[in-house]
Amino acid sequence: MIDKNFKHGDIYVVTSLRNHLSAGIADIKFVGRYDKDISFEEAVEIHLKNMQRDFPSMSFNREMIEEALSENKESGFFLNDRGEVQSYYNHEKADLIDLMLFRGDKPRQELIELKRQVIKKYNIKPDEDCYCRVWAIN
């Protein structure tokens with residue numbers, strides 16, 4: 001199941017960057033830690049300040065940010081530990097195999113094989129996005 005029930009400090013991944021060639025293991029480039037939920041208004045304010053700070057010559061205004069974030073308004077927003085606004089729409093908790101990769105427990109290729117074995121052994125079915133998540137290995 002796709003898990004979006006974050007608690008402070010949880011590692012999240014970008015849902016759409018799971019890779020079928022890697023047995024659905026998340027991409028390590030876009031990983032973060034969840035801090036807290038925020039409202040749409042807070043998301044707009046924080047993202048506007050971040051964009052104005054990071055791109056001072058680009059003249060971002062509130063209306064532009066509201067329009068950009070409104071696409072994911074229904075899914076909700078949260079802050080990561082770096083103070084960046086994220087949307088629940090395209091983020092999920094890292095599964096057990098993702099965490100093993102991020103901690104450097106085993107090389108990616110070994111984890112791909114492990115995940116494939118676990119999926120087969122426990123008959124784990126794909127979620128609605130056609131990826132399997134591994135939440136426990138007995």
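The values are calculated or read from the model by the stated rules, or taken from the named source; none is laboratory data. Worth saying up front: this structure is predicted, and the values here are computed from it rather than measured. Don't worry about glycine lacking a Cβ; one is built from the backbone with ideal geometry, like all the others, and counts go over all protein chains shown.
I'm trying to understand the selection: among the residues of the range 107-121, which are over 21 Å from the mean Cα position of the chain (by Cα) and either modelled with pLDDT under 95 or basic (Lys, Arg) (or both)?
ARG116, LYS120, LYS121
Could you please tell me which pairs satisfy a Cβ distance under 6 Å, a separation of 6+ or placement on different chains, a first residue in the range 28-55 that is under 30 Å from ASP105 (Cβ atoms), and a second residue that is surrounded by fewer than 17 Cβ atoms within 10 Å (Cβ to Cβ) and small (Gly, Ala, Ser)?
Close Cβ pairs satisfying both conditions: ARG33/GLY9.
Restricting to the range 24-43, and then to whatever is in a strand (DSSP E or B) and not basic (Lys, Arg), can you tell me which residue is farthest from the chain's Cα centre (by Cα)?
Ranking the candidates gives ILE38 first.
For the range 44-54, which residues satisfy the criterion of being out of contact with any Gly (no Cβ under 9 Å at 6 or more places or on another chain) and either surrounded by 15 or more Cβ atoms within 10 Å (Cβ to Cβ) or in a strand (DSSP E or B) (or both)?
Across the range 44-54, the qualifying residues are VAL44, GLU45, HIS47, LEU48, MET51.
Could you check the range 86-137 and list, in sequence order, the residues that are of a type in the set (S, T, N, Q) and out of contact with any Phe, Trp or Tyr (no Cβ under 8 Å at 6 or more places or on another chain)?
ASN90, GLN109, GLN117, ASN123
On the basis of being aliphatic (A, V, I, L, M) and either surrounded by fewer than 13 Cβ atoms within 10 Å (Cβ to Cβ) or part of a loop (DSSP other than H, G, I, E, B) (or both), does LEU21 make the cut?
The answer is yes for LEU21.
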